[in-house]
Every structure is written in C-alpha cells, then in structure tokens.
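Colleague: Mind having a look at this structure? Questions to follow.
The values are calculated or read from the model by the stated rules, or taken from the named source; none is laboratory data. Computed from a predicted model, the values in this text were never measured in an experiment. Glycine gets a Cβ as well: all are built from the backbone with ideal geometry, and neighbour counts include every protein chain shown.
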Amino acid sequence: MTNVMVVGGGPAGLRAAESLARFGLEVTLVEQESYLGGAVARHRYQVLMPHFDSGPAVLDRMVSAVAENPRIHIRTGSRIGQVEETDDGFQVEILGRETGVESVRAVVLATGFTHFDPRRDTKYGYGLFPDVITGAELEEMMASGPVTRPSTGEVPKSVAFIYCVGSRDRQVGNTYCSRVCCAVSAKQGIEVREQLPGARLVMFYMDVRTYGLWEDELYWRAQEDAGVVYVKGRVAEITQRDGRPVLKGEDTLVRGPFEWEFDLVVLAAGMEPGEATAELAAQFGIEREPHGFFQQTRPMENASVTSHPGVFVAGAASGPKTIEDSVMEGEVAAMAVLRYLDSKVTV
Amino acid sequence: MPKGAGIIERSLVQDDHILEHENLVMDGIDVSGRWNTMLKSRVHADRDLDAWDTVRQNLVATSIDNCIQCGMCTAGCTVAHEVEGFNPRQFIYWVRTGRTEELKNQADVVWRCVGCYICTHHCPKEVNTAEVIETIGQWLRTVVPERMDRAFHVNHQVYRNHLISRGRLNLPLLQTTFLRALGRQNELFAPEMKKTALKMVGDGRVLKTLRMGRPHRWRKNRQVLGSEA
C-alpha cells in the first residue's frame with residue numbers, strides 16, 4: 001500500500017490529505033496542535049476574507065472530510081523527529097503521544113505560517129499598552145463577543161488599523177509583503193462598522209494592496225459602505241496619553257507630522273515562516289528561499305515542487321497566502337504526488 | 001528687540017513658528033519679551049471632523065467617501081493649473097482627516113471652481129468632485145464667512161435677489177448690478193465692455209433680454225427659494 005505523509009493540518013494540509021485519500025492512497029496527517037484547522041481554528045475566524053464566508057462552516061467542511069475518511073490516519077499533538085531517506089521514500093519518525101516510525105513514499109509539507117509578533121517592533125507599544133492589539137486578537141474578540149477596549153471593557157468610539165506591521169521592513173528583517181493584511185483589515189473595518197455605527201474607523205497605510213478583485217469588493221466597500229477613512233503614512237510610534245493610545249506619524253499626502261488618539265488600535269501583523277520551517281527543511285533536505293519559506297523550485301510548472309524529489313510543499317509554508325490559495329495548493333500538491341508516484345512506477 | 005532674538009541658531013527657525021508676547025504675566029510673574037519665547041509645533045493634533053459629517057450628509061456630496069486620493073481631479077482641473085492652492089484632491093483629504101484649519105485658510109480659494117466638471121467626469125471612483133467641492137465651499141461659507149472675498153458675498157446676494165425677483169438670469173443686468181454693488185461701476189465703461197455692449201445691441205440680444213418675461217408659475221417657485229436661508 002502506497003503511503004503519503006502530510007505535515008500540517010491547516011487548510012492546505014487538510015485539502016492535500018483529503019484529495020490523496022480520494023485517489024486511493026493511505027495518508028498519515030501529522031499536526032503539532034491538538035486540533036485540526038490551522039490558523040482558522042487557532043484564532044476562531046468567524047468571517048473569512050474575501051467572500052465573507054462563515055469561518056466555522058468552512059472549517060467544519062474541511063475537517064470532517066478528513067476526519068471521516070478511513071484512509072487518513074490523523075496524528076495530532078505530534079511532531080517530526082528523525083528522517084531517513086530510503087530507496088523508495090522516507091522513514092519518518094513521529095514524536096508525540098504515539099511515537100513511531102512511518103515508511104512513506106512522498107511527503108507534503110503544509111506547515112503554514114506564524115503571525116509576526118509585534119513585540120519585536122517596539123515602536124508600536126504592543127504588549128505595553130492594553131488597547132493595542134493584533135488583527136488576530138481582533139478576530140478572537142469578535143468570535144467571543146462585541147468589540148471592546150481591553151483596558152476598560154468599554155465600547156471604542158474610534159479604532160485605528162495600522163498596516164504593514166512586520167512586513168516590508170528591513171529593520172524587523174522582513175522585506176516582503178504579506179499579501180493578505182490589507183484585505184483582511186478592510187474586511188475587519190466592514191465588520192467593526194456593523195457593530196459600531198458611530199465610531200471613527202481609520203486605516204494607516206503605505207499603499208493599499210487589495211489586488212485583483214478585492215479592489216472594489218473590500219477596499220472600496222470599506223470606504224464607500226463602511227465610511228472607513230484611509231490616511232497615507234506609516235505610524236512611527238505609539239505612546240499613551242490619559243489611558244488612550246496616541247499614534248504619531250507623517251501624513252504623506254499633506255506632508256506634515258500628526259498625532260492622533262484612538263480608543264483601540266489594531267496592528268495588521270504580517271506572516272512569517274512557521275516555527276518548524278528551518279528544522280523541517282534540514283530534516284527533509286530541501287532549500288528555503290531568501291525570506292525563510294520553503295523554496296518552490298519550479299513554480300512555472302508546479303507550485304508544490306521543492307528541491308528534493310518526493311518532498312512537496314503547499315500553502316503559506318512557501319510564502320504568504322490566502323486560505324483560498326492554500327486550499328488550491330493542497331490540491332496541486334496531491335496531483336504532484338500522484339504524478340511523482342506514477343513516474344516512479346513506470347521509469 | 002527683533003522677534004526670537006534670543007534663539008541660538010535663529011536662522012534655522014521660520015518666523016511664523018515663533019510665539020513671543022511683548023508683555024505677558026503668568027501667575028503674577030512678569031515673563032515679558034524673550035522670556036516667553038516658544039516655538040509652535042508643526043504636529044497636527046486638533047482634529048475637527050464636523051466638516052466631514054456635514055459634507056457626507058449632503059445629497060450631492062455623499063460620494064466624498066469614494067475618494068481614493070488618486071489625484072485625477074486635480075490633474076485635469078481647469079483652475080488648479082492657474083490658481084495656487086486650488087486642489088480638489090487636497091480639499092477632500094482635509095475634510096476627511098479633520099484638517100479644517102487648513103481648509104479655512106483656503107476658504108476663498110475653494111470657491112474659485114469654474115464648474116467645468118472635468119473632475120467629476122475624470123474621477124475613476126465616481127466621486128461627484130465638482131459638487132463635493134461646492135458643498136465644502138458651502139460649509140466654509142457658514143463657518144468662516146469673514147474669510148471669503150467680499151466679491152463672493154456680493155455676488156451671492158445679487159445672484160439670489162436676481163433669481164427671486166426675475167425668475168431667471170439676465171446676465172447683462174447681473175453684471176451691472178454686481179459691479180455697482182462693489183463700487184466698480186467705472187468698469188462698465190471700459191473699452192472692452194463698450195465693445196461688447198454695442199455688439200449685443202447690434203445682434204439683438206439686448207432687445208431679447210429686455211423682452212424676457214418671468215417663468216411659468218414663478219410665484220410658487222419664488223416662495224420656495226425665498227424661504228431658504
């Protein structure tokens with residue numbers, strides 16, 4: 001029986017596992033957390049960008065398709081140990097509740113991303129001022145109740161969103177764009193407006209990258225329907241005055257410094273390679289690209305091909321990506337595994 | 001003593017950023033002259049979003065929220081290429097970010113729009129820019145009438161009276177009334193004006209103007225117009 005291992009139980013990994021099992025392969029799905037669903041489950045996303053799909057509904061469909069499939073062997077709370085290459089694949093050690101060695105012919109790495117931790121960029125005062133939160137924390141807040149100020153529990157009268165936190169910044173070591181935060185912030189602006197009809201909502205941006213169809217679906221909609229104001233200029237510093245965060249920056253459209261107080265500040269923190277990326281790259285002998293993500297070596301042919309035969313990548317593990325794109329790459333990786341196994345049989 | 005004389009490296013500081021009172025007593029202590037010298041901060045912190053709230057509620061100006069600051073309006077603007085400070089994109093941004101002080105300083109400039117509507121036709125976001133700018137002007141007229149040119153107020157009054165009394169615009173009469181009200185009747189006898197007048201007599205436009213009656217059912221419309229502030 002042909003066995004394939006999928007590492008990572010987020011949208012990309014779940015899709016890859018589901019498809020591989022549908023094609024008749026036995027799949028071992030390894031997930032380090034105790035639950036499946038990746039970031040969608042971790043932050044309890046209720047509404048997904050860009051189509052405002054229900055997060056729980058999407059998550060339920062993805063997880064149940066995998067959980068109910070007898071060909072998929074789920075190993076949650078587990079990590080990858082020693083990896084040994086053999087003539088027809090890999091001997092992979094799984095560390096967890098049931099430690100053991102699996103013999104697999106191909107591996108799909110779908111280990112995703114981690115959010116940039118804004119504590120590393122001290123100018124935003126994150127971790128110091130209670131009313132400065134991340135976009136993921138706003139999602140968690142909206143999943144469990146109304147939007148409030150963490151310091152007082154009051155309903156905020158003004159909310160600021162700061163773009164490009166931990167992205168496009170040599171000082172923090174990330175020179176790339178995280179691709180989704182502009183659109184996610186616009187989506188959050190629209191959601192927050194529904195809760196807070198009278199609040200001032202302001203986005204501080206360098207440029208707005210709601211590319212493709214998101215331009216009118218998210219960016220324009222946030223402005224036109226939700227009355228969100230966009231101020232051009234990256235915020236240089238957050239301080240606190242009378243218990244409220246004060247944003248200091250330059251409004252580059254009028255060329256002058258400003259100070260602006262808000263009740264709540266949301267940092268659109270970008271994406272970084274998942275914690276285990278470097279270790280897994282070494283274990284499976286694949287290359288990483290200059291930003292630290294897994295290298296897609298032949299992206300013009302197939303998004304999931306890496307520098308090592310038999311090792312494939314899917315989702316945000318190879319760079320910042322939307323849920324939609326991650327799911328698509330899960331499918332792509334499954335197809336690439338089939339092609340690979342087929343070529344091994346016939347050659 | 002000249003302004004800011006006590007400042008070391010005085011040449012680095014702009015005149016209008018120096019605050020200095022000749023005579024000032026604070027808490028009983030005389031701090032006249034250079035003792036009270038302060039530098040004005042460039043930081044913009046006093047935000048007033050009333051203008052935005054007012055403008056976006058006006059039926060013809062709700063599209064102000066569509067603006068993405070691309071600058072297409074100012075790029076094509078007839079007036080911006082001639083009048084310094086006339087910048088529709090900037091006016092919209094000032095309103096939306098609560099920079100009403102800057103706006104008030106340009107109260108007179110905002111009204112220089114000639115109504116060509118190129119901005120409205122160019123706008124990729126379907127902002128009705130011409131009417132948004134006029135709405136901003138209307139807001140300025142109510143909050144800082146003293147900062148508008150006298151000609152603006154006179155023109156406004158003459159135009160309105162004209163409409164109420166006659167029901168339609170009679171341009172030669174409008175022109176003469178306007179100049180007389182400003183005490184500029186001499187301009188009526190300028191050579192260019194004479195030439196135009198003779199031409200209009202010649203081609204019959206003057207006669208036509210004199211025969212012009214009031215519009216149908218004007219009395220009813222006048223009541224509406226007259227009741228507006």
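This table checks each residue for (1) away from chain A (no Cβ under 14 Å); (2) buried (at least 17 other Cβ atoms within 10 Å of the Cβ); (3) part of a loop (DSSP other than H, G, I, E, B).
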{"residue": "B:ARG34", "(1), (2), (3)": "yes, no, no"}
{"residue": "B:ASP48", "(1), (2), (3)": "no, no, yes"}
{"residue": "B:TRP52", "(1), (2), (3)": "no, yes, no"}
{"residue": "B:ARG56", "(1), (2), (3)": "no, yes, no"}
{"residue": "B:VAL60", "(1), (2), (3)": "yes, no, yes"}
{"residue": "B:ILE64", "(1), (2), (3)": "no, yes, no"}
{"residue": "B:CYS70", "(1), (2), (3)": "no, no, yes"}
{"residue": "B:ALA75", "(1), (2), (3)": "yes, no, no"}
{"residue": "B:ALA80", "(1), (2), (3)": "yes, yes, yes"}
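Colleague: Is it the case that the stretch B:144-155 has a residue that's over 16 Å from the mean Cα position of the chain (by Cα) and not in a helix (DSSP H, G or I)?
Modeller: Within the stretch B:144-155 (the criterion being over 16 Å from the mean Cα position of the chain (by Cα) and not in a helix (DSSP H, G or I)), the answer is no, since none of the residues qualifies.
Colleague: Being more than 18 Å from A:ASP117 (Cβ to Cβ) and buried (at least 22 other Cβ atoms within 10 Å of the Cβ) is the filter here, so list the residues in the stretch A:132-145 that pass it.
Modeller: Once the filter is applied, which keeps residues that are more than 18 Å from A:ASP117 (Cβ to Cβ) and buried (at least 22 other Cβ atoms within 10 Å of the Cβ), the stretch A:132-145 yields nothing.
Colleague: If the requirement is being within 22 Å of A:GLY38 (Cα to Cα) and exposed (fewer than 14 other Cβ atoms within 10 Å of the Cβ), which of these qualifies: A:ARG75, A:ARG119, A:ARG97?
Modeller: Just one listed residue meets the conditions, A:ARG97.
Colleague: Checking the conditions here, which among A:SER326, A:SER307 is out of contact with any strand residue (DSSP E or B) (no Cβ under 6 Å at 6 or more places or on another chain), polar (S, T, N, Q) and part of a helix (DSSP H, G or I)?
Modeller: A:SER326
Colleague: Give me the residue from the stretch A:211-225 that is within 11 Å of chain B (Cβ to nearest Cβ) and without any contact (Cβ under 8 Å) to a residue 12 or more places away in the chain and, out of that set, surrounded by the most Cβ atoms within 10 Å (Cβ to Cβ).
Modeller: Ranking the qualifying residues of the stretch A:211-225, first place goes to A:GLN223.
Colleague: Right, A:ALA278: assigned to a helix (DSSP H, G or I) and in contact with a Ser or Thr (Cβ under 8 Å, 6 or more places away or on another chain) or not?
Modeller: In short, no.
Colleague: A further question follows. Among the listed residues A:VAL192, A:VAL228, A:VAL208, which satisfies the condition of being among the β-branched types (Val, Ile, Thr), under 24 Å from A:ALA143 (Cα atoms), within 13 Å of another protein chain (Cβ to nearest Cβ) and crowded, with 19+ Cβ neighbours inside 10 Å?
Modeller: A:VAL228 is the lone residue from the list that is among the β-branched types (Val, Ile, Thr), under 24 Å from A:ALA143 (Cα atoms), within 13 Å of another protein chain (Cβ to nearest Cβ) and crowded, with 19+ Cβ neighbours inside 10 Å.
Colleague: Spot the failing condition for B:GLU126; the list is (1) of a type in the set (Asp, Glu); (2) in contact (Cβ under 8 Å) with a residue 24 or more places away in the chain; (3) more than 14 Å from chain A (Cβ to nearest Cβ), and only one is missed.
Modeller: (3)
Colleague: Another question, if that's okay. Looking for something surrounded by fewer than 21 Cβ atoms within 10 Å (Cβ to Cβ) and in a helix (DSSP H, G or I) - is there at least one such residue anywhere in the stretch A:293-304?
Modeller: The answer is no; no qualifying residue exists.
Colleague: Output the residues belonging to the stretch A:254-285 that are crowded, with 17+ Cβ neighbours inside 10 Å and free of Cβ contacts under 8 Å to residues at least 40 places away in the same chain.
Modeller: Of everything in the stretch A:254-285, those that are crowded, with 17+ Cβ neighbours inside 10 Å and free of Cβ contacts under 8 Å to residues at least 40 places away in the same chain turn out to be A:VAL254, A:PHE258, A:GLU259, A:ALA281.
Colleague: Okay, next question. Which ones in the stretch B:99-123 are surrounded by fewer than 21 Cβ atoms within 10 Å (Cβ to Cβ), within 14 Å of chain A (Cβ to nearest Cβ) and farther than 17 Å from B:VAL83 by Cα?
Modeller: Scanning the stretch B:99-123 gives a single hit, B:GLU101.
Colleague: Looking only at the stretch B:92-99, decide whether some residue is of a type in the set (Ser, Thr, Tyr) and assigned by TED's automatic domain parsing to the domain that holds B:GLU126.
Modeller: Yes.
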